[in-house]
Ligand code: MTE
């Protein structure tokens, strides 16, 4: 991602560079997801509360909807203007499909998302392999509107659909020695042209401390904008950790491993002095090669001033206590 920043890609307005191919790609993914969505509906998701009858997002090609109730988790709603569906699905980082911002939308149609399983293992009493239809039924789906802040200096506001990862972690019963959680994502060269590049060591992995992973704001996302996740956004299931830089939110998860030792992570392996394990959004801890004090909201015009970045991306009231007594510059 830092390579792109150097070339100035982040200054483009994504609406201007949306490739028409993305719509074809999306239709292809939706055909595959059709089965999945049918399961979700006929399986009776048992969603309680107010069902969201959201209108199809502008630019959507009509993906199956996921009904979800508005989340009651503190911090999980926002009155900020949402990023357009078009921008959120055409300006992406998903290096398995290429390093350009429009590469994922162009190339991710190759991703087969059904069948799909996620294995949860390691320091747990009850290891488990779940299919995507099991994950859709594991807990009531909630809509959560989160800010997403990329380490490159841009941000979005996205309505996700999913539930707290803690629902899944509780199910496998972590042992007393579990302290961290490692997330492994799909690394299939046959489907992912980006794996030919050695920009990262594949598969892409990420990690959290167990208490961060158990925090109610840590989201296992299965959809966005009221629909199943588009491939370029990490279909069929991804992580969203809203108070950390976007690269912590690993896409297209296949394995979740509880560990005693702090896991190495994909970006930390290639540039340990630039991408720390914690990577909490922090305006006063600059990236070694650029400031993190401000950000550009995707969708803003080029003459709109950059916004001030907030500590923990604005989620300090909910998460600051996780880091009490820690030196955030040292534990970056
Ligand atoms: N997950 C995988 N597997 N591969 C990636 O390249 N990029 C990360 C993160 N998750 C990435 C990933 C980065 S840098 C960001 S900013 C977010 O995904 C972008 O998510 P979005 O494209 O849905 O906005």
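The values are calculated or read from the model by the stated rules, or taken from the named source; none is laboratory data. Note that the structure is a prediction, hence the values are computed from the model and not measured. Every residue, glycine among them, receives a Cβ derived from its backbone with ideal geometry; neighbour counts consider all protein chains shown.
A few points about this structure:
- Meets criteria (within 16 Å of the ligand (Cβ to nearest atom) and touching a strand residue (DSSP E or B) at 6+ places or on another chain (Cβ under 7 Å)) for residue 128: no
- Test: residue in the stretch 244-266 that is within 26 Å of residue 201 (Cα to Cα), surrounded by fewer than 20 Cβ atoms within 10 Å (Cβ to Cβ) and within 11 Å of the ligand (Cβ to nearest atom): yes
- Only a single item in (1) within 23 Å of residue 314 (Cα to Cα); (2) within 15 Å of the ligand (Cβ to nearest atom) is not met by residue 301, and it is number (2).
- Looking across 276, 314, one residue alone is within 20 Å of residue 212 (Cβ to Cβ) and out of contact with any strand residue (DSSP E or B) (no Cβ under 8 Å at 6 or more places or on another chain). It is 276.
- Count of residues meeting criterion [assigned to a loop (DSSP other than H, G, I, E, B), surrounded by 18 or more Cβ atoms within 10 Å (Cβ to Cβ) and touching a strand residue (DSSP E or B) at 6+ places or on another chain (Cβ under 9 Å)] in the stretch 279-291: 2
- Of the listed requirements (1) buried (at least 21 other Cβ atoms within 10 Å of the Cβ); (2) within 25 Å of residue 282 (Cα to Cα); (3) away from the ligand (no atom under 13 Å from the Cβ), residue 179 misses just one: (1).
- Identity of the residue in the stretch 203-230, within 12 Å of the chain's Cα centre (by Cα) and more than 10 Å from the ligand (Cβ to nearest atom), that ends up farthest from residue 103 (Cα to Cα): 218
- Residue satisfying all of: in the stretch 307-332; without any contact (Cβ under 8 Å) to a residue 24 or more places away in the chain and assigned to a loop (DSSP other than H, G, I, E, B); nearest to residue 275 (Cα to Cα) among these: 330
- From 165, 138, residue being in contact with a strand residue (DSSP E or B) (Cβ under 9 Å, 6 or more places away or on another chain) and surrounded by fewer than 23 Cβ atoms within 10 Å (Cβ to Cβ): 138
- Residues within the stretch 184-196 that are surrounded by 18 or more Cβ atoms within 10 Å (Cβ to Cβ) and away from the ligand (no atom under 14 Å from the Cβ), tallied: 0
- Any chance residue 199 is away from the ligand (no atom under 14 Å from the Cβ) and more than 17 Å from residue 108 (Cα to Cα): no
- Condition check for residue 228: at pLDDT 95 or above and crowded, with 18+ Cβ neighbours inside 10 Å: yes
- Yes/no for residue 236 being over 15 Å from the mean Cα position of the chain (by Cα) and either surrounded by fewer than 19 Cβ atoms within 10 Å (Cβ to Cβ) or farther than 18 Å from residue 210 by Cα (or both): no
- Count - residues of the stretch 43-72 that are modelled with pLDDT of 85 or more and out of contact with any strand residue (DSSP E or B) (no Cβ under 7 Å at 6 or more places or on another chain): 2
- Test: residue in the stretch 95-113 that is away from the ligand (no atom under 14 Å from the Cβ) and at pLDDT 95 or above: yes
- Boolean, residue 68 is out of contact with any helix residue (DSSP H, G or I) (no Cβ under 8 Å at 6 or more places or on another chain) and away from the ligand (no atom under 16 Å from the Cβ): yes
- Assessment of the stretch 306-313 against the conditions (more than 14 Å from residue 149 (Cβ to Cβ) and modelled with pLDDT of 95 or more) yields no matching residue.
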